[in-house]
Every structure is written in C-alpha cells, then in structure tokens.
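One structure below.
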Amino acid sequence: MKDQRIALITGANKGIGLEIARQLGQAGVHVIIGTRNVERGMAALEKLAGAGVAAHHVHLDLDEQDSIAEAARLIGEEHGRLDILVNNAGIFDPHDGPPSKAPAAVARRQLEVNFIGALMVTQAMLPLLRAAPAGRIVNLSSALGSLTLNGDLESPYYSAQYLGYNASKAALNMMTVQLRQELRDTAIVVNSVSPGFVQTDLTGGNGFVTAEEGAVLPVRFALEGKENGGFFDPAGPTPW
C-alpha cells in the first residue's frame, strides 16, 4: 500500500459519494469512506466489496469536530498521509427559498454542513495532504453556487432561489479560491467541481444524470488534478 494512493470521501455511504468511492477504488486507489452513521457506512462497505473494492470506514460527523479530529488521527496512524480528499458530504433542505422566505435556521444549517463542515474536515486533513507527494482536494460544489449564473437573467439558475444552499456552495467555492492561494507553494491541488443535476436522495431522485455519470468529473479531478484553483462542470470551466 506504500505506493497506493489514499483517498477519503466524506458522505460516501450512498449516492454520488458512494459512486466516487467505487470508481476511485476500481482505479486502484485505497478508499476510506467517512460517514456519520456507522451502520450505513458498514452497509456501503459491503456494496463496494460487491463491486470489487476493498475499502475502509471512519466515523466522521461534520457536526462533531472531535469525530473529524479522530478520523484524521486514525488515517495518520494507519497511512501517514492522505493523497486525495473529496469533500462530498452535503445537504439540501426543501424548505429553503428566496431571501424573503428562507427560514434563517434552514439557511444556517446548510451553511454549517456544506461549508463549515467541509472547512473543518479540510483543516484536519491538511497535515496529511501535505505529507503526500501530490495532494488533491476536490470540493463538490454546484452551479447554484455561481454568483455569475445566479445573476444572469438568461441562466436557468437565475430562478433557482435557494438562499441557504446557494450561499453554502458559494462559500465552499471561496474556500477553493483561498486554499489555492494559501497552498500555492505546495504540491496540493484544489478545485471545485459541479457534477450536474444528479439523481440522488439530495435531489429527491430528480436530475438529469445518474450517480455513476455524476461521479466521473470529481473522480477525474481526484486522479489527475492538472488544473488548480478552478470551478468546473462536465462542459468545462464554470464562472464564479
């Protein structure tokens, strides 16, 4: 395992996270799935094993900084480094809405998970990423987090007013931009990727692409990492 890359995918017990884990594992990466619910994490390991992927699990709750710190400790103790971090875990609350109607508690909750949670995980894993020959951070964002698209009258995203969710993804994009600057003298590459409207529990089963199709882009950035500090969807660069 010394030469095998190590990847942590948060929220990887189902949906696009599980599919990212499967595709990375089948590409020869040693996969660690981080989940809040241990039982669901174990069930995900069985699904991955059925696909020929021997993965491992760590308990990782984005609401509990101690669980994040413990996950980092365990990964460091077992592997000494982390080559790939995929910040996939996230939530969407259907009670979200435009600024005049979005409940503050709903907006706050989405920001706490989608942005603050990803920030805490990234901070905890950065020492391990620095220890890797070429670290890769992939932040699962959304075109809904693009200020440009949100403000474009011709954009299909203009009318998708979910203040809390959109703001959480815009904040995640800001982390990508600032990490790129902060880590410019290291071998760590960081990007935001928008996989598209994926058919998962988060979207209520709606969407234009399957989880398998949606995982292709984040997996490519996790494995190749040629670009740095950008925001991309399957068609190419996405405006901030």
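The values are calculated or read from the model by the stated rules, or taken from the named source; none is laboratory data. Note that the coordinates shown come from a computational prediction; the quantities given were computed from them, not determined experimentally. FYI the Cβ positions are ideal-geometry reconstructions off the backbone, even for glycines, and counts take in every protein chain you see.
Computed quantities for the displayed model
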{"item": "Residue 200 in a loop (DSSP other than H, G, I, E, B), in contact with a helix residue (DSSP H, G or I) (Cβ under 7 Å, 6 or more places away or on another chain), surrounded by fewer than 24 Cβ atoms within 10 Å (Cβ to Cβ) and at pLDDT 85 or above", "result": "no"}
{"item": "Enumeration of residues in segment 5-27 that are surrounded by fewer than 24 Cβ atoms within 10 Å (Cβ to Cβ) and of a type in the set (Gly, Ala, Ser)", "result": "15, 25, 27"}
{"item": "Residue among 131, 124, 170 that is on the phi < 0 side of the Ramachandran plot, touching a residue at least 12 places away in the same chain (Cβ under 8 Å) and surrounded by fewer than 17 Cβ atoms within 10 Å (Cβ to Cβ)", "result": "131"}
{"item": "Every residue from segment 56-110 that is of a type in the set (Lys, Arg) and not in a loop (DSSP other than H, G, I, E, B)", "result": "73, 108, 109"}
{"item": "Single unsatisfied condition, residue 151 versus (1) surrounded by fewer than 18 Cβ atoms within 10 Å (Cβ to Cβ); (2) at pLDDT 95 or above; (3) not basic (Lys, Arg)", "result": "(2)"}
{"item": "Selection from segment 1-53 of residues that are farther than 13 Å from residue 215 by Cα, among the basic types (Lys, Arg) and either outside any loop (DSSP other than H, G, I, E, B) or under 16 Å from the mean Cα position of the chain (by Cα) (or both)", "result": "36, 40, 47"}
